[in-house]
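Below you'll find the structure, written out as C-alpha coordinates, and then a few comments.
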Amino acid sequence: MISLKELADVLGAELLGDAEHQIDSCATLNTAKENQLSFIYNKKYAVELKNTKAGVVILSAPFVDDFSGNILLVSNPYLAYAQATTFIYKKPQESGEIHPTAVIAENAQIAKSCVIGANVVIAENVIIDNDCTVSSGCFIGDNVIMGKNVNLLPNVTVCSGTRIGNNVTIHPGAVIGSDGFGYAPLANKEGWFKIPQIGHVIIGNNVDIGANTTIDCGALENTVIGNGVKIDNQVMIAHNVEIGEHTAIAGCTGIAGSAKIGSHCTLAGGVGLVGHISIADGVHVTGMTMVTHSIKKAGAYSSGTPFQANSDWLKNAVRFKQLDKLTKKINQLIKSQKGT
(Lines give C-alpha, C1' and ligand atoms only; values in the text may rest on other atoms or scores of the structure.)
Protein backbone atom coordinates (compact mmCIF):
# COMPACT_ATOMS: atom_id res chain seq x y z
CA MET A 1 0.00 0.00 0.00
CA ILE A 2 1.17 3.53 -0.83
CA SER A 3 -0.01 6.74 0.87
CA LEU A 4 -1.18 9.68 -1.22
CA LYS A 5 1.46 11.85 0.40
CA GLU A 6 4.17 9.48 -0.78
CA LEU A 7 2.71 9.39 -4.28
CA ALA A 8 2.33 13.18 -4.42
CA ASP A 9 5.99 13.57 -3.52
CA VAL A 10 7.01 11.16 -6.28
CA LEU A 11 4.91 12.98 -8.90
CA GLY A 12 5.54 16.52 -7.68
CA ALA A 13 1.75 16.88 -7.52
CA GLU A 14 -0.41 19.11 -5.36
CA LEU A 15 -2.46 16.90 -3.03
CA LEU A 16 -6.05 17.92 -2.35
CA GLY A 17 -7.52 15.55 0.22
CA ASP A 18 -6.43 12.93 2.74
CA ALA A 19 -2.64 12.55 2.71
CA GLU A 20 -2.83 9.26 4.62
CA HIS A 21 -5.26 7.54 2.26
CA GLN A 22 -3.75 4.30 0.93
CA ILE A 23 -3.84 2.85 -2.60
CA ASP A 24 -2.36 -0.30 -4.09
CA SER A 25 -3.32 -0.35 -7.78
CA CYS A 26 -4.74 1.56 -10.75
CA ALA A 27 -8.07 1.30 -12.60
CA THR A 28 -10.35 3.15 -15.00
CA LEU A 29 -12.74 5.79 -13.68
CA ASN A 30 -15.67 3.40 -14.19
CA THR A 31 -14.20 0.48 -12.24
CA ALA A 32 -11.88 2.08 -9.66
CA LYS A 33 -12.45 1.48 -5.95
CA GLU A 34 -11.32 3.25 -2.77
CA ASN A 35 -7.89 1.58 -2.81
CA GLN A 36 -7.23 2.44 -6.46
CA LEU A 37 -5.90 5.37 -8.47
CA SER A 38 -7.39 6.67 -11.70
CA PHE A 39 -6.85 9.69 -13.97
CA ILE A 40 -8.54 11.95 -16.52
CA TYR A 41 -7.15 14.16 -19.29
CA ASN A 42 -9.99 14.12 -21.85
CA LYS A 43 -13.28 16.02 -21.43
CA LYS A 44 -15.32 13.17 -22.89
CA TYR A 45 -14.77 11.24 -19.63
CA ALA A 46 -16.13 14.04 -17.40
CA VAL A 47 -19.31 12.09 -16.60
CA GLU A 48 -17.26 9.11 -15.42
CA LEU A 49 -15.21 11.47 -13.24
CA LYS A 50 -18.30 12.70 -11.39
CA ASN A 51 -19.43 9.13 -10.68
CA THR A 52 -16.11 7.43 -9.96
CA LYS A 53 -15.39 5.72 -6.65
CA ALA A 54 -11.62 5.96 -7.09
CA GLY A 55 -9.57 6.60 -3.96
CA VAL A 56 -7.66 9.31 -5.82
CA VAL A 57 -7.77 10.83 -9.30
CA ILE A 58 -4.88 12.46 -11.14
CA LEU A 59 -6.22 15.49 -13.01
CA SER A 60 -5.47 19.03 -14.15
CA ALA A 61 -7.04 22.33 -13.06
CA PRO A 62 -10.06 22.31 -15.47
CA PHE A 63 -11.42 19.15 -13.82
CA VAL A 64 -11.01 20.10 -10.15
CA ASP A 65 -14.63 21.21 -9.66
CA ASP A 66 -15.96 17.96 -11.16
CA PHE A 67 -14.61 15.66 -8.43
CA SER A 68 -15.10 15.87 -4.69
CA GLY A 69 -12.68 13.09 -3.65
CA ASN A 70 -8.92 12.96 -3.23
CA ILE A 71 -7.05 14.72 -6.03
CA LEU A 72 -3.48 14.75 -7.28
CA LEU A 73 -3.34 18.01 -9.20
CA VAL A 74 -0.81 18.19 -12.05
CA SER A 75 -0.36 19.99 -15.37
CA ASN A 76 0.03 16.79 -17.42
CA PRO A 77 -2.27 14.03 -16.07
CA TYR A 78 -1.36 11.48 -18.74
CA LEU A 79 2.35 11.70 -17.99
CA ALA A 80 1.73 11.72 -14.24
CA TYR A 81 -0.44 8.61 -14.56
CA ALA A 82 2.36 6.82 -16.42
CA GLN A 83 4.83 7.80 -13.69
CA ALA A 84 2.43 6.77 -10.93
CA THR A 85 1.80 3.39 -12.53
CA THR A 86 5.53 2.80 -12.85
CA PHE A 87 5.98 3.58 -9.16
CA ILE A 88 3.01 1.53 -7.93
CA TYR A 89 3.84 -1.59 -9.95
CA LYS A 90 7.60 -1.42 -9.65
CA LYS A 91 9.02 -4.89 -9.06
CA PRO A 92 11.65 -5.41 -6.39
CA GLN A 93 15.11 -5.62 -7.94
CA GLU A 94 16.57 -9.08 -7.91
CA SER A 95 20.34 -9.28 -7.87
CA GLY A 96 23.10 -11.68 -8.76
CA GLU A 97 21.06 -14.72 -9.74
CA ILE A 98 22.32 -16.99 -12.54
CA HIS A 99 20.13 -19.97 -13.38
CA PRO A 100 22.05 -23.27 -13.42
CA THR A 101 20.89 -24.04 -16.97
CA ALA A 102 22.44 -20.86 -18.40
CA VAL A 103 25.40 -21.44 -20.74
CA ILE A 104 27.95 -18.66 -20.36
CA ALA A 105 31.36 -18.37 -22.02
CA GLU A 106 34.26 -18.31 -19.58
CA ASN A 107 35.53 -14.95 -20.83
CA ALA A 108 32.13 -13.21 -20.64
CA GLN A 109 32.10 -10.34 -18.13
CA ILE A 110 28.82 -10.14 -16.23
CA ALA A 111 28.31 -7.71 -13.34
CA LYS A 112 27.41 -9.35 -10.05
CA SER A 113 24.11 -7.44 -9.84
CA CYS A 114 22.75 -9.04 -13.03
CA VAL A 115 20.04 -11.71 -13.27
CA ILE A 116 20.46 -14.46 -15.87
CA GLY A 117 17.45 -16.70 -16.51
CA ALA A 118 16.99 -20.32 -17.54
CA ASN A 119 18.42 -21.61 -20.81
CA VAL A 120 20.19 -18.36 -21.63
CA VAL A 121 23.24 -18.61 -23.91
CA ILE A 122 25.94 -15.94 -23.61
CA ALA A 123 28.81 -16.23 -26.12
CA GLU A 124 32.46 -15.15 -26.15
CA ASN A 125 33.68 -11.74 -25.00
CA VAL A 126 30.26 -10.46 -23.97
CA ILE A 127 30.22 -7.57 -21.47
CA ILE A 128 27.09 -6.95 -19.38
CA ASP A 129 27.06 -3.98 -16.97
CA ASN A 130 25.24 -3.57 -13.65
CA ASP A 131 21.58 -4.33 -12.92
CA CYS A 132 20.75 -6.09 -16.19
CA THR A 133 18.19 -8.87 -16.58
CA VAL A 134 18.55 -11.52 -19.28
CA SER A 135 15.34 -13.55 -19.20
CA SER A 136 14.78 -17.19 -20.09
CA GLY A 137 15.70 -18.36 -23.57
CA CYS A 138 17.73 -15.32 -24.63
CA PHE A 139 20.79 -15.62 -26.85
CA ILE A 140 23.63 -13.07 -26.76
CA GLY A 141 26.25 -13.42 -29.48
CA ASP A 142 30.00 -12.79 -29.48
CA ASN A 143 31.37 -9.37 -28.54
CA VAL A 144 28.04 -7.87 -27.48
CA ILE A 145 28.30 -4.99 -25.01
CA MET A 146 25.31 -4.10 -22.82
CA GLY A 147 25.09 -1.03 -20.58
CA LYS A 148 23.44 -0.62 -17.20
CA ASN A 149 19.83 -1.61 -16.45
CA VAL A 150 19.16 -3.44 -19.69
CA ASN A 151 16.14 -5.74 -19.57
CA LEU A 152 15.94 -8.52 -22.15
CA LEU A 153 12.59 -10.28 -21.89
CA PRO A 154 12.24 -13.98 -22.85
CA ASN A 155 13.59 -15.28 -26.15
CA VAL A 156 15.35 -12.14 -27.31
CA THR A 157 18.25 -12.70 -29.75
CA VAL A 158 21.11 -10.21 -29.73
CA CYS A 159 23.55 -11.00 -32.54
CA SER A 160 27.32 -10.56 -32.54
CA GLY A 161 28.84 -7.11 -32.14
CA THR A 162 25.68 -5.32 -31.01
CA ARG A 163 26.10 -2.36 -28.63
CA ILE A 164 23.26 -1.56 -26.24
CA GLY A 165 23.19 1.56 -24.05
CA ASN A 166 21.73 2.11 -20.58
CA ASN A 167 18.10 1.69 -19.49
CA VAL A 168 17.00 -0.32 -22.52
CA THR A 169 14.09 -2.79 -22.61
CA ILE A 170 13.74 -5.33 -25.42
CA HIS A 171 10.51 -7.34 -25.49
CA PRO A 172 10.01 -11.06 -26.22
CA GLY A 173 11.02 -12.47 -29.56
CA ALA A 174 12.89 -9.42 -30.84
CA VAL A 175 15.95 -10.05 -33.00
CA ILE A 176 18.73 -7.47 -32.92
CA GLY A 177 21.59 -7.61 -35.43
CA SER A 178 20.32 -10.20 -37.91
CA ASP A 179 21.75 -10.06 -41.44
CA GLY A 180 20.41 -7.37 -43.73
CA PHE A 181 18.68 -8.32 -46.98
CA GLY A 182 21.63 -7.90 -49.31
CA TYR A 183 22.15 -9.92 -52.51
CA ALA A 184 24.01 -9.29 -55.77
CA PRO A 185 22.41 -10.70 -58.96
CA LEU A 186 24.40 -13.43 -60.68
CA ALA A 187 25.08 -13.30 -64.41
CA ASN A 188 22.54 -14.67 -66.86
CA LYS A 189 19.74 -14.54 -64.30
CA GLU A 190 21.19 -17.52 -62.46
CA GLY A 191 20.12 -16.29 -59.04
CA TRP A 192 21.63 -14.25 -56.26
CA PHE A 193 24.95 -14.02 -54.39
CA LYS A 194 24.70 -13.09 -50.72
CA ILE A 195 26.52 -9.90 -49.70
CA PRO A 196 28.24 -10.26 -46.30
CA GLN A 197 26.73 -7.96 -43.69
CA ILE A 198 29.73 -6.78 -41.70
CA GLY A 199 28.28 -3.83 -39.77
CA HIS A 200 26.57 -3.98 -36.39
CA VAL A 201 23.64 -2.45 -34.48
CA ILE A 202 24.20 0.45 -32.09
CA ILE A 203 21.37 1.18 -29.64
CA GLY A 204 21.41 4.31 -27.48
CA ASN A 205 20.13 4.95 -23.96
CA ASN A 206 16.50 4.79 -22.78
CA VAL A 207 15.29 2.81 -25.78
CA ASP A 208 12.29 0.43 -25.83
CA ILE A 209 11.99 -2.24 -28.54
CA GLY A 210 8.74 -4.16 -28.98
CA ALA A 211 7.99 -7.87 -29.29
CA ASN A 212 9.02 -9.64 -32.51
CA THR A 213 10.66 -6.53 -33.90
CA THR A 214 13.71 -7.08 -36.12
CA ILE A 215 16.63 -4.68 -36.46
CA ASP A 216 19.20 -5.74 -39.06
CA CYS A 217 22.91 -5.12 -38.74
CA GLY A 218 24.63 -2.79 -41.17
CA ALA A 219 26.06 -3.96 -44.47
CA LEU A 220 29.22 -1.84 -44.08
CA GLU A 221 28.42 0.92 -41.58
CA ASN A 222 26.23 0.36 -38.52
CA THR A 223 22.49 0.48 -38.02
CA VAL A 224 21.93 3.18 -35.37
CA ILE A 225 19.00 3.62 -32.97
CA GLY A 226 19.27 6.95 -31.12
CA ASN A 227 18.66 7.79 -27.48
CA GLY A 228 15.07 7.69 -26.30
CA VAL A 229 13.67 5.92 -29.36
CA LYS A 230 10.47 3.90 -28.80
CA ILE A 231 9.74 1.04 -31.22
CA ASP A 232 6.48 -0.93 -31.16
CA ASN A 233 5.88 -4.63 -31.87
CA GLN A 234 6.54 -6.25 -35.25
CA VAL A 235 8.55 -3.41 -36.74
CA MET A 236 11.14 -4.16 -39.45
CA ILE A 237 14.26 -1.97 -39.55
CA ALA A 238 16.67 -2.86 -42.35
CA HIS A 239 20.44 -2.52 -42.61
CA ASN A 240 22.16 0.84 -42.18
CA VAL A 241 19.00 2.64 -41.07
CA GLU A 242 19.58 5.56 -38.71
CA ILE A 243 16.82 6.69 -36.33
CA GLY A 244 17.17 10.00 -34.50
CA GLU A 245 16.62 10.65 -30.82
CA HIS A 246 13.15 10.34 -29.25
CA THR A 247 11.44 9.14 -32.42
CA ALA A 248 8.48 6.77 -31.90
CA ILE A 249 7.56 4.02 -34.38
CA ALA A 250 4.24 2.16 -34.20
CA GLY A 251 3.58 -1.49 -35.02
CA CYS A 252 4.02 -3.14 -38.43
CA THR A 253 6.10 -0.29 -39.83
CA GLY A 254 8.75 -1.32 -42.35
CA ILE A 255 11.87 0.77 -43.00
CA ALA A 256 14.07 -0.19 -45.94
CA GLY A 257 17.86 -0.06 -45.98
CA SER A 258 19.89 3.13 -45.46
CA ALA A 259 16.87 5.31 -44.67
CA LYS A 260 17.66 8.13 -42.24
CA ILE A 261 14.92 9.29 -39.87
CA GLY A 262 15.29 12.47 -37.84
CA SER A 263 14.70 13.20 -34.17
CA HIS A 264 11.28 13.61 -32.54
CA CYS A 265 9.46 11.96 -35.45
CA THR A 266 6.45 9.67 -35.19
CA LEU A 267 5.64 6.89 -37.64
CA ALA A 268 2.12 5.53 -37.17
CA GLY A 269 1.09 1.91 -37.69
CA GLY A 270 1.82 0.20 -40.97
CA VAL A 271 3.98 2.96 -42.44
CA GLY A 272 6.42 1.94 -45.18
CA LEU A 273 9.65 3.78 -46.05
CA VAL A 274 11.69 3.02 -49.14
CA GLY A 275 15.46 2.87 -48.82
CA HIS A 276 18.06 5.62 -49.14
CA ILE A 277 15.77 8.49 -48.20
CA SER A 278 15.97 11.06 -45.39
CA ILE A 279 13.23 12.25 -43.05
CA ALA A 280 13.66 15.64 -41.34
CA ASP A 281 13.28 16.20 -37.59
CA GLY A 282 9.74 16.62 -36.30
CA VAL A 283 7.92 14.70 -39.03
CA HIS A 284 4.66 12.83 -38.31
CA VAL A 285 3.67 10.14 -40.82
CA THR A 286 0.09 8.91 -40.49
CA GLY A 287 -0.96 5.26 -40.55
CA MET A 288 -0.46 3.09 -43.66
CA THR A 289 1.42 5.85 -45.49
CA MET A 290 3.99 4.82 -48.10
CA VAL A 291 6.94 7.23 -48.12
CA THR A 292 8.75 7.08 -51.45
CA HIS A 293 10.98 10.15 -51.30
CA SER A 294 12.78 12.29 -48.73
CA ILE A 295 10.86 14.68 -46.47
CA LYS A 296 12.79 17.90 -45.85
CA LYS A 297 10.39 19.88 -43.63
CA ALA A 298 8.71 19.09 -40.30
CA GLY A 299 4.99 18.45 -40.39
CA ALA A 300 2.36 15.76 -40.91
CA TYR A 301 2.33 13.61 -44.06
CA SER A 302 -0.15 11.06 -45.43
CA SER A 303 -0.74 8.94 -48.50
CA GLY A 304 -3.39 6.55 -49.78
CA THR A 305 -7.15 6.98 -49.94
CA PRO A 306 -9.65 7.24 -47.09
CA PHE A 307 -11.61 4.24 -45.89
CA GLN A 308 -14.90 3.92 -47.79
CA ALA A 309 -17.46 1.39 -48.99
CA ASN A 310 -15.90 -1.09 -51.41
CA SER A 311 -18.31 -0.20 -54.22
CA ASP A 312 -17.25 3.47 -53.99
CA TRP A 313 -13.59 2.54 -53.74
CA LEU A 314 -13.79 0.46 -56.94
CA LYS A 315 -15.28 3.39 -58.85
CA ASN A 316 -12.63 5.78 -57.56
CA ALA A 317 -9.84 3.30 -58.30
CA VAL A 318 -10.91 3.32 -61.97
CA ARG A 319 -10.96 7.11 -61.98
CA PHE A 320 -7.47 7.30 -60.48
CA LYS A 321 -6.19 5.54 -63.60
CA GLN A 322 -7.88 8.22 -65.74
CA LEU A 323 -6.41 11.21 -63.90
CA ASP A 324 -3.55 11.73 -66.35
CA LYS A 325 -5.88 11.82 -69.34
CA LEU A 326 -8.31 14.10 -67.52
CA THR A 327 -5.49 16.47 -66.56
CA LYS A 328 -4.32 16.70 -70.17
CA LYS A 329 -7.86 17.44 -71.35
CA ILE A 330 -8.28 20.14 -68.71
CA ASN A 331 -4.97 21.74 -69.69
CA GLN A 332 -6.05 21.73 -73.34
CA LEU A 333 -9.35 23.41 -72.43
CA ILE A 334 -7.51 26.06 -70.41
CA LYS A 335 -5.16 26.77 -73.33
CA SER A 336 -8.04 26.96 -75.80
CA GLN A 337 -9.90 29.42 -73.56
CA LYS A 338 -6.80 31.61 -73.24
CA GLY A 339 -6.48 31.56 -77.04
CA THR A 340 -9.95 32.96 -77.44
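The values are calculated or read from the model by the stated rules, or taken from the named source; none is laboratory data. None of these values were measured; they are calculated from a predicted model. We place every Cβ from the backbone using ideal geometry, glycine too, and count neighbours over all the protein chains shown.
Please work out if residue 284 is without any contact (Cβ under 8 Å) to a residue 40 or more places away in the chain and either in a loop (DSSP other than H, G, I, E, B) or over 23 Å from residue 168 (Cα atoms) (or both).
It is true that residue 284 is without any contact (Cβ under 8 Å) to a residue 40 or more places away in the chain and either in a loop (DSSP other than H, G, I, E, B) or over 23 Å from residue 168 (Cα atoms) (or both).
Of all residues in region 76-128, which are surrounded by 11 or more Cβ atoms within 10 Å (Cβ to Cβ), of a type outside the set (Phe, Trp, Tyr) and under 30 Å from residue 12 (Cβ atoms)?
76, 77, 79, 80, 82, 83, 84, 85, 88, 94, 95, 113
Which one of 79, 59, 37, 72 is at pLDDT 95 or above and over 28 Å from the mean Cα position of the chain (by Cα)?
72
Since residue 301 meets every condition but one in (1) over 30 Å from residue 237 (Cα atoms); (2) under 20 Å from the mean Cα position of the chain (by Cα), which condition does it not meet?
Of (1) over 30 Å from residue 237 (Cα atoms); (2) under 20 Å from the mean Cα position of the chain (by Cα), only one is false for residue 301: (1).
Those residues that are at positive phi and in a loop (DSSP other than H, G, I, E, B), I need them from region 290-340; list them, please.
From region 290-340, those at positive phi are 299, 304; that's our starting set.
If the condition is that a residue be at positive phi and in a loop (DSSP other than H, G, I, E, B), then 304 is the only one that fits.
Within region 163-178, can you find the residues that are under 11 Å from residue 216 (Cβ atoms) and in contact (Cβ under 8 Å) with a residue 40 or more places away in the chain?
Across region 163-178, the qualifying residues are 175, 177.
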